[in-house]
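> Before anything else, here's the structure in question.
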Amino acid sequence: MAADLLPTKLMTLELARDIAQKAVEVCRAQGYQVSAVVVDRGGEPQVVLRDVYANRFNVEIATRKAGTAILSGASSSELRKTRGDIRPELNHIDGIIIMGGGLPIRASGQLVGAIGVSGAPTGVLDEACAQKGLDAVNERLEFAE
């Protein structure tokens, strides 16, 4: 008989904040003003950071990039590559956008959220900053109980 309640992992505010903060700092050091949004496993924003000159649209795009990573369980750029055949249709789904810059966040292999970054000149650069945010907390994610 299946259990009626399931155990799940949730990110703390501190972990989400540290991921977003590092992503913004890395992009800033490269001369890019970005927004970084960390969403929980359901796609709801948990942390939103907007650097001084990043505009409000960067926040929306970063949130939707993170939503795309939640939807696919992979990077938003990977979904863009693998599902280019339905990209126009996917872009009509509320809460996602098929652009590079969104990465899933996994703790001990379990999806716990995603980060989206927007504001650098390309999605490749946004994703690189997002990855640095994840790299900064890698041990905390890998050894999460």
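> Ignoring ligands, DNA and RNA, what accessible area per residue does the chain give at 1.4 Å, in Å²?
On the way: 8010 Å² over 145 residues.
Result: 55 Å² of accessible area for each residue.
> Next question, about the same structure. Would you please state the base-10 log of I(q)/I(0) at q = 0.12, 0.16 1/Å for the chain, with intensities from the Debye formula using one equal scatterer on every alpha carbon?
Log10 I(q)/I(0), no solvent term: -0.43, -0.74.
> For the pair THR82 and ARG140, how long in nm is the line joining their label points, each one 7 Å along Cα→Cβ?
It works out to 2.8 nm between the two label points.
> What's the magnitude of the charge dipole for segment 59-115 around its Cα centre, counting Lys and Arg as +1 and Asp and Glu as -1 at the beta-carbon? Answer in Debye, nearest 20. It would help to have the intermediate numbers written out before the result.
On the way: 7 positive and 5 negative charges, 34 e Å.
Value, rounded to 20: 160 debye.
> Would you mind putting 28-37, 125-134 in packing order, based on average other-beta-carbon counts within 10 Å, highest first? Could you put the intermediate results ahead of the total?
On the way: 28-37: 20.5, 125-134: 23.6.
So the order, starting with the most tightly packed, is 125-134, 28-37.
> Could you check how much of the accessible area of the chain is carbon and sulfur, as a whole percent, using a 1.4 Å probe?
Details: 4290 of 8010 Å².
In the chain, the share of accessible area belonging to carbon and sulfur is 54 percent.
> Using only helices, what value at 222 nm comes out for the chain when you add -39,500 (n - 2.57) per DSSP H run of length 4 or more and divide by the total residues, to the nearest 500 deg cm²/dmol? Kindly include the intermediate steps, with their values, before the conclusion.
Working: 6 runs with 63 residues, N = 145.
That comes out to -13000 deg cm²/dmol.
> Here's another thing I want to ask about it. For the chain, what's the relative contact order in percent, using C-alpha pairs closer than 8 Å and at least 6 residues apart?
Numbers: 325 pairs, mean separation 40.2, N = 145.
Relative CO of the chain lands at 28 percent.
> Return the distance in nm (one decimal) between the two label points of a simple spin-label model at GLN21 and ALA2, each offset 7 Å from Cα along Cα→Cβ.
4.0 nm
> Would you kindly state how much longer the chain becomes between GLN33 and LEU111 on full extension, computed as 0.36 nm times their sequence separation minus their alpha carbon distance, in nm to one decimal?
Details: separation 78, 0.36 × 78 = 28.08 nm, distance 2.78 nm.
Once the chain is fully extended between GLN33 and LEU111, it gains 25.3 nm.
> Still on this model: Taking 0.36 nm per residue of sequence separation and subtracting the Cα-Cα distance, how much length would be gained by fully extending the chain between ASN91 and PHE57, in nm to one decimal?
Working: separation 34, 0.36 × 34 = 12.24 nm, distance 1.60 nm.
Net length gain for the segment: 10.6 nm.
> Which residues in segment 62-77 have a backbone N closer than 15 Å to a point placed 7 Å from the Cα of GLU44 along the Cα-to-Cβ line?
none
> Roughly how many Å is it from the Cα centre of segment 1-45 to that of segment 65-99, as a whole number?
Cα centres, segment 1-45 to segment 65-99: 18 Å.
> Report the charge-dipole magnitude of the chain in Debye, nearest 20, computed about the Cα centre from +1 at each Lys and Arg Cβ and -1 at each Asp and Glu Cβ.
Details: 16 positive and 18 negative charges, 66 e Å.
For this selection, approximately 320 debye.
The values are calculated or read from the model by the stated rules, or taken from the named source; none is laboratory data. On a predicted model such as this, the values are computed, not experimentally measured, just so you know. Methodologically, a virtual Cβ is constructed for each residue, glycine included, from the backbone with ideal geometry; neighbour enumeration extends over all protein chains shown. With ligands, DNA and RNA removed, areas are computed over all heavy atoms of the protein, side chains included. Shrake-Rupley method; radii C 1.70, N 1.55, O 1.52, S 1.80 Å.
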